[in-house]
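Below you'll find the structure, written out as C-alpha cells, and then a few comments.
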Amino acid sequence: MGIRRGKVGIIFVVLAVAALMLVLATSSFAAKDKIVWKSSGHGPASDPSQIFHDKLCNAITKATGGRLTVKPFVGGSIVPAYKEVDAIDQGVLQMGYSAPMYNLDKWPAAGLISSRPGGLPGESLRTWFDYAGGADLLNKMMGDYNVMTFPGALAPLPAEVFFHSKVKLESLADLKGLKARCMGDGGEILKRMGAATVIIPGGQIYEAMQRGTIDAFEYSTLASNWNMHFNEVAPYVYLSPTRAPSDPQVIFINKDAWNALPVDIQTIVKAVVSQYTQAQHEYLVFEGIKAVDKFKAAGNEVYKVPKDIEDALTAEANKFYAEKSKAESPIFAEIYDSMKAFGEAYKQSN
C-alpha cells in the first residue's frame, strides 16, 4: 500500500513539474511573441489629430489582443515635431502620424499630397489615395527610405482655415509683408505673393502670436483650432478652401517593422487605421460646423477670404506647379499629373 502511494506521489510530482514547465514555456513564448511599437503624432496633446492618433494606437493594441502593443507619444516628445518620418526611417519610431508636407526637405513632391493650393478636396483626395494609385505614388516618392504607407492610411480632413489673423484682410494688398506662419507649398506660394511666411510647429503658434512674432497663421481646421484656444490670440478668422482644400495627414510605418508582423496582424492594423483616419475626417467636418458659432460667440469676426486674394493665389499656384513639374525629379510631375487627371474625372462624374 505504501509503495503504491509512493508511486502515485511520484507520478503526481512528475505531472505537476511537466505542467509547470509547459506554462513557463508558453508564457516565455507569449512574451517573446509580443511586439511593441512606439508611435508619435506631430501636434500638441490638445490637437484632435494627436487625440485620434492616441486612440488609434490604443485600438490597434486592443484589436490584436496585445500581440502588437503600440505606445502613443505626443508630438515633439521623442523627436522634434515634424521629424517623425526621419525617426521612423531610423527605427527610433515604428509608426507616426504626420503631414507629408513636413518632409519637403527630402521630397519636393510631398507638398502635392499635403494642403496643396488648388488640390483635391477631402473626399476625392482619399479616393485618389486609396484607389487611383496615390498610396503607391507616395511610396515610390519615398524610394529607399525605410518608410511605407498603404491605402486607408490618409486622413483627408476638411479644408484648413485660411488664416487666423490680427490684421484685417480686405484686399490683396494686405498680404504684402504680413508675418504669417504658413507651411508647405502654400507658404512658398504666399511668399511669392509678398507675405513674410515662416515655419513654426503647431505647439508654438499661440505663444508666437502673443509675442508678436507673427501676425497671422494657418493651422488645421476650425474644430482643431477652437480646442487650441486660438480665438484668444487672433480676432479675425478667414475661411477659404483655395489655399488648402484638404489638410491630409498620413500614417507612416517603418518597413522592417511592418514586414516583421504576422500577416493577420498586418490585416488588423490596416483595418483599424482605415477606420480611424476616416472617423477623424467625419468628426472634424461635424465639429467644424459647430466651431463657426463658437468663434463668433467668443467675439471673433469670421469672414470669407476676399476674391482678389483667392484669384491671385490660384494663378500663382498654377505658375508654381508648372515650374516645379519641369524643374523637379520625374516623380513630381507623375504625382501632379495623376492628381490633376483624377480631379478632372472626379468633376465630370459629380
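So in the chain, what percent of DSSP beta bridges are antiparallel if you round to the nearest 5? For the chain, the DSSP antiparallel bridge percentage is about 45.
For the residue pairs Lys270/Lys340; Lys106/Lys304; Lys270/Lys347, alpha carbon separations beyond 32 Å are given by Lys106/Lys304.
Could I get the Rg over Rh figure for region 42-154? Both from C-alpha atoms, Rh via Kirkwood, rounded to two places. Ratio of gyration radius to Kirkwood radius: 0.96. Highest mean first, the peptides 260-268, 46-54 sorted by other C-beta atoms within 10 Å per residue fall in the order 46-54, 260-268. Across all Cα atoms of the chain, the radius of gyration (one decimal) and Dmax (whole number) stand at 25.0, 107 Å. Among the listed pairs Lys179/Lys307; Lys255/Lys326; Lys166/Lys326; Lys191/Lys307, those with a Cα-Cα distance over 27 Å are Lys255/Lys326; Lys166/Lys326. Once backbone amide H atoms are built at 1.01 Å from N, Ser115 has Ser246 as its partners under 5 Å, excluding neighbours fewer than 5 places away on the same chain.
A cut-off under 13 angstrom between Cβ atoms defines the neighbours of Val147, and their net charge, with Lys, Arg +1 and Asp, Glu -1, is -1. Using the Cβ-Cβ distance between Gln278 and Ile78 with R0 set to 25 Å, the FRET efficiency works out to roughly 0.40.
Dividing the Cα radius of gyration of region 206-274 by 2.2 N^0.38 Å, with N the residue count, gives 1.71.
The magnitude of the dipole of region 39-159, with charges of +1 and -1 set on the Cβ of Lys/Arg and Asp/Glu and taken from the Cα centre, is near 260 debye. Under the classification rounded if a/c is under 1.5, otherwise prolate if a/b is larger than b/c and oblate if not, where does region 230-331 fall, given a ≥ b ≥ c as square roots of the Cα gyration tensor eigenvalues? Because a/c hits 1.5 or more and a/b fails to exceed b/c, region 230-331 counts as oblate. A crude spin-label estimate for the pair Lys296 and Asn318, with each label 7 Å from Cα along the Cβ direction, gives 3.4 nm.
Cross-link partners for Lys168 among the aspartates and glutamates, with Cα-Cα distance under 15 Å and sequence neighbours closer than 8 places in the same chain left out: Asp215, Glu218, Glu301, Asp308.
The numbers here are math on the coordinates, done by the rules we state, and not lab data. A quick note: this is a predicted structure, and the numbers were derived from the prediction, not measured. Cβ atoms come from the backbone with ideal geometry, glycine included; neighbour counts cover every protein chain shown.
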